[in-house]
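Heads up: the structure comes next, in structure tokens.
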Amino acid sequence: MELNISLSEELKPIDVEKVAEFIASLQKENGEIPWSQGGKTDPWDHIESAMGLSVAGWTAEAERAYAWLVSTQLPDGSWWSEIRDGVVTNSTKETHFAAYIAVGVYHHYLITRNESFLRAMWPVLSRGIQYALGLQAPEGEIYWARNREGAIDRMALLTGCSSIYMSLKCALAIADLLGIKKPAWQKAKERLGETIRNRPDLFNMIKSRFSMDWYYPILCGAVRGNEAKARIDHLWDKFVVPDWGVRCVSDRPWVTMAETSEFILTLAAMEDHTRARAIFSWLCDKRYSDGSYWMGVTFPDTVIWPEEKTGWTAAAVLLAWDALNGMTPASKIFAHSSWPE
């Protein structure tokens, strides 16, 4: 687990403007940002792409992306899980998709300090949070989704619940800025955090082979300190492939640039900057000339797969770059030190 890079060593810079230009090239007139040209759109990855635009200073494009969320939110506070060219292709309504708007809105506010934007988005993010909390189980976990008819899928996903935990942190921070008290949200967050830390039995274990289940409880800040370090070190060799990146799943010779970037964010959140910088250096050659990054690559044969160029992958790289270099006032949004215990 020792990596050959010092904290002071300079990373090869990335062309932030070119990466942002690629993300913006995917954006439709109505503000929607699909995965790729002609690809599907889901709310979570749409928000990730908007966050990448915010990092690069493409404020108008980012705000158009949030305006699209305003215009497409369903009456119950959720969004459809997937659309393509305006047609609903997956009518599931996932809780972590609904809640994540709070992370995007708070991230954008930290960069712009635009309180009018914050106030305008409050009703939408508030409904999204309420939708997610409406599916919180008595033990504290949050069920995955409802279907079009309203039936609840009572599966709980560790990665999804970790995403909601981060969303609740950001939603509460926004409420505080607006002078709004949300004690029920605070209580729900505390219950969810306890469950993430102490009740792995409540989560669907089919996802445990995915690296996100390993690092997301730390990225969201539910797991911190020595417990976080132990969790990272325990499965490091299972998921981290030197000079390549982070596996998406533990039993496949395939690393993905988004998971690698999110893991860099996780290490930076723990102030493990040396290893975060080392892993970022592995991303430098895994990109196209148009500013996009490979979605994934197999090793050791270097087969790029899939060849789809996704905006959220590029955005994840920008977020990781910001976390390591402090380009924006939102660079420490995931940092454990930014949030009280």
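Bear in mind that the values in this text are calculations on the coordinates, not laboratory data. Remember, it's a predicted structure, so these values are computed and weren't measured experimentally. No Cβ is skipped: glycine too gets one built from the backbone with ideal geometry, and neighbour counts run over all protein chains shown.
Structure summary
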{"item": "Pair list, Cβ < 8 Å and 6+ apart or interchain, from region 18-34 residues that are on the phi > 0 side of the Ramachandran plot and surrounded by 23 or more Cβ atoms within 10 Å (Cβ to Cβ) to residues that are among the aliphatic types (A, V, I, L, M) and not in a loop (DSSP other than H, G, I, E, B)", "result": "none"}
{"item": "Residue in region 305-314 that is assigned to a helix (DSSP H, G or I) and more than 30 Å from Lys169 (Cβ to Cβ) present", "result": "no"}
{"item": "Candidate set: region 58-78, residues that are touching a residue at least 40 places away in the same chain (Cβ under 8 Å) and not in a helix (DSSP H, G or I); chosen: the one surrounded by the fewest Cβ atoms within 10 Å (Cβ to Cβ)", "result": "Asp76"}
{"item": "Qualifying residue in region 187-203 (condition: exposed (fewer than 14 other Cβ atoms within 10 Å of the Cβ), of a type outside the set (D, E, K, R) and either over 18 Å from Ala268 (Cα atoms) or in contact with a Pro (Cβ under 9 Å, 6 or more places away or on another chain) (or both))", "result": "yes"}
{"item": "Residue satisfying all of: in region 79-106; of a type in the set (A, V, I, L, M) and not in a helix (DSSP H, G or I); nearest to Ala330 (Cα to Cα) among these", "result": "Ile83"}
{"item": "Of residues in region 160-206 being of a type in the set (Ser, Thr, Tyr) and under 20 Å from Met121 (Cα atoms), the one farthest from the chain's Cα centre (by Cα)", "result": "Tyr165"}
{"item": "Residue check, Ala132 under 20 Å from the mean Cα position of the chain (by Cα) and assigned to a loop (DSSP other than H, G, I, E, B)", "result": "no"}
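Residue by residue, here is whether (1) surrounded by 15 or more Cβ atoms within 10 Å (Cβ to Cβ); (2) farther than 22 Å from Asp45 by Cα; (3) within 18 Å of the chain's Cα centre (by Cα); (4) of a type in the set (S, T, N, Q) holds:
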| site | (1), (2), (3), (4) |
| --- | --- |
| Ala269 | yes, no, yes, no |
| Ser281 | yes, yes, no, yes |
| Asp285 | no, yes, no, no |
| Thr298 | no, yes, no, yes |
| Thr313 | yes, no, yes, yes |
| Leu318 | yes, no, yes, no |
| Ala323 | yes, no, yes, no |
| Ser331 | yes, no, yes, yes |
| Trp339 | yes, yes, yes, no |
